[in-house]
Amino acid sequence: MNHVKRCTASLSLLALLGTATAAQADPTLYLGMNGGTMERLYADQVLPIFEKANHVKVVIVPGTSSDILAKVQASKDNPQMHVMFLDDGIMYRAISMGLCNKLDASPELADIPAKAKIKEEAVAVSLGVTGLAYNSRLFKEKGWSAPTSWMDLADPRFKDKVVFQSLASSTFGLHGFLMFNRIQGGTDADVEPGFKAWPNTVGPNVLEYIASSAKISEMVQTDEAALFPLTPTQVSALKLKGVPVEYAQPKEGAVVLNVAECAIAHNDQPELAQKLVAFLLSPEAQAPALEEGDQIPSNPKTPTTDKTRARVEAMAKYLQTAISVDWDQVNQQRPQWNARWSRTIER
């Protein structure tokens, strides 16, 4: 081999070694979370800060909470994700399945209020509640006053104008049903009063039971939907798109609905996963999530602006009277409820 060829071969080998070293230096973490607007927000505004500081690539795996849980459960011994975001009720299920590692102590975790933590394994990234939302254009045209109670779902004015998310697939639908059940005298352990009363109260008003809230935008714009369970954050997102909706806080209280995160058990980057969990609790991460995506921060040190301050203050007020679901009790019985709901309500 002549001198030029030897040099070329050596440079090629060095290039290959450099590529391999770079690949080893820049691991990839996979984060399971909701797709759409939330995915774009984190990909564009939040995760690049962590990637740059830690020389790591974070890839979002989009899906609903149920989708993400199913994926992690299917590969629990060799998980393909490192961190996951789930609605708080589904996070309780994930913890009971042994799918989450205990949270490492960190300054960021220490800043989070106790009520935003779920056992030792998970913590809220953003705060929310499920209340009622309504078609403000239709309400104005009809001269209807804004809703004030969960029982407005049963008001004869709204016959064939209520859209309700399926109990089997939606936390919003479950929350709405559980609050109706409480008003009927039931508890999170006893839903017989709710199932018994529904067919003659709310049932006649329901135009359609939908699998998720994605369809609500279209149904509001066609004036098919007048009233439905939803969160203030979802309402804000719809209003930004020009959809005529407003949020209404029920007098009985809204229902706590936080988005929580955990580091997935048995993942192949446990230290980096815990580091990402801590970062996502920091004001540095939660400030752009609030400013650009109306994600109400769980860290009280997160700064607000003129644009976001009122929303944060409003959520704090909603949470003062919000109802917390007994998720351990609910998750134990939910499969039976889902089957009964499909058989007797959505039949």
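The values are calculated or read from the model by the stated rules, or taken from the named source; none is laboratory data. From a predicted model like this one, the values you see are computed outputs, not experimental measurements. Ideal geometry is used to build each Cβ from the backbone, glycine not excepted, and the neighbour counts take in all protein chains shown. These area figures cover heavy atoms from the full protein model, side chains too; ligands, DNA and RNA do not enter into them. Shrake-Rupley method; radii C 1.70, N 1.55, O 1.52, S 1.80 Å.
Side notes on the structure shown:
- For residue 106 and residue 240, a Förster radius of 25 Å and the Cβ-Cβ distance give a FRET efficiency of 0.15, rounded to the nearest 0.05.
- Over the chain, the hull volume per residue, using the convex hull of the C-alpha atoms, is 169 Å³.
- Cβ-Cβ FRET estimate between residue 268 and residue 190, R0 fixed at 41 Å, reported to 0.05: 0.40
- Centroid-to-centroid separation of segment 214-239 and segment 267-296 [C-alpha atoms, Å]: 28 Å
- Summed residue charge, Cβ within 13 Å of residue 121's Cβ, Lys/Arg positive, Asp/Glu negative: 0
- Cross-link pairs exceeding 23 Å in C-alpha to C-alpha distance, out of 142/307; 57/215; 52/102; 57/275; 239/317; 52/307, comprise 142/307; 57/215; 52/102; 52/307.
- Residue 111 accessible area, 1.4 Å probe, all protein chains in place, Å² to nearest 10: 40 Å²
- Loop-located trypsin sites (Lys or Arg not before Pro) in segment 265-319 whose Cβ has at most 16 other Cβ within 10 Å (DSSP): 301, 307
- Whichever aspartates and glutamates have a C-alpha closer than 17 Å to that of residue 251, once near sequence neighbours (fewer than 8 apart) are set aside: 152, 155
- Efficiency of FRET between residue 347 and residue 149 - r from beta-carbon atoms, R0 22 angstrom, step 0.05: 0.20
- On the chain, 52 percent of the accessible area sits on carbon and sulfur atoms, based on a 1.4 Å probe.
- Membrane-span-like helices in the chain (whole DSSP H runs, Cα extent of at least 27 Å along the helix axis, mean Kyte-Doolittle hydropathy of at least 0.5): 3-25.
- With K and R counted +1 and D and E -1, the other residues having a Cβ less than 15 Å from that of residue 311 yield a net charge of -2.
- Under the criterion of Cα pairs below 8 Å and six or more residues apart, the relative contact order for segment 149-222 equals 43 percent.
- Length available on full extension from residue 39 to residue 96: 0.36 nm per residue minus the Cα-Cα distance, which gives 17.9 nm.
- Across segment 67-168, Cα-Cα pairs farther apart than 19 Å form 60% of the total.
- For segment 101-134, backbone nitrogen atoms closer than 16 Å to the point 7 Å from residue 284 Cα along Cα-to-C-beta are found at 106-111.
- Measuring nothing but how far apart in sequence close Cα pairs (under 8 Å, 6+ apart) lie, relative to its length, the chain scores a relative contact order of 25 percent.
- Rounded accessible area per residue of segment 33-188, 1.4 Å, Å²: 42 Å²
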